[in-house]
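Working notes, structure below.
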Amino acid sequence: MEQKLILYSYWRSSASFRVRMALELKKLDFEIRPVHLLRDGGQQFAPDYQKLNAQQLVPTLVHGDLVLGQSLAIIEYLDEAFPHTPLLPESAAGRAWARMLAQVIACDVHPLNNLRVLGYLVEELGASESDRLAWYRRWSDRGLASVERLLRQRRRQTPFCHGEEPGLADCCLLPQVYNARRFDCRLEKFECILGICARLEALKPVQAAAPENQADAE
C-alpha cells in the first residue's frame, strides 16, 4: 500500500507555501494538517507537534516513517522520491544555480522577516508598527534586488527562474513576493521577478497552493 504524504502547514507561512507549490506542481496526493502559528499561544509549541518537529516550525512532511522539516530539504526529497515532473534541472551546473537562487530567498531574505523575528522586534525590543514595517521593507527590498540582479545576469532568459517550467527557485520566489505584497513593499522595479510571478500565478497547481485557497485560511 502506498504511503500517504502528510504536510503540517500554516496557510500564511511562506515556507509551507513553498512545499505546497512543489506538491501541487508534481501532482502528488497529499493531506494537509493545519498548525496555527498564532492560536492557542502557537500550536507549533504543543508537545505533540514538538515530537514531530524539534524546531517547532512549519512545514513538516511525514511520509511513512520519514519525518522532515525545512522546506528546501522537503522539496528536494519530493523531487528525488517522485522523479516525475522534476523541479531541478538535469545538469549539475543547472541544479547548483537553482539551489543558489532558492537559498538567497530561503536563507538570506526570509529569516530576517519571519514571524519570530518580527515578533521579537515588537515584543522584546519595543519596536513600533512603523519600525516593524520599515525593517520588513528594507530587507525584503535588498533581498529581492539581489534576486532580480541574478535573474538579469543569466545568459538565457527563461519563463521561470531556471527553465521552461516552474522549479525549486520558483517555489521560493512566489511566496516571498506574496509576503512583500502583504507588507506593501514597492515591487515595480523588479520586472523579471514580477514577470515570473505573473506566469506562476496563472497556473492551476500554483493557485491550489496559494494561501487564500487553503482550508485553514482566515
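Overview of values
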item: Built amide H within the under 5 Å cut-off of I32, gap 5+; result: L7
item: Taking D184, D108 and counting other C-beta atoms within 10 Å, the order from fewest to most; result: D184, D108
item: The stretch 63-100 versus the stretch 126-162: alpha-carbon centroid distance in Å; result: 23 Å
item: Count of Lys pairs (Cα-Cα under 25 Å; at least 8 positions apart or interchain) in the chain; result: 6
item: Enclosed volume per residue, in Å³, of the convex hull spanned by Cα atoms of the chain; result: 128 Å³
item: Backbone N within the stretch 198-216 under 18 Å of label point (7 Å from K27 Cα along the Cβ vector); result: 203-209
item: Mean separation of Cα contacts under 8 Å, 6 or more apart, over the residue count of the stretch 89-179: relative contact order %; result: 41 percent
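Read-outs: derived from the displayed coordinates by stated rules, not from any lab. This is a predicted model, so every value here is computed, not measured. Glycine also receives a Cβ, built like all others from the backbone with ideal geometry; neighbour counts cover every protein chain displayed.
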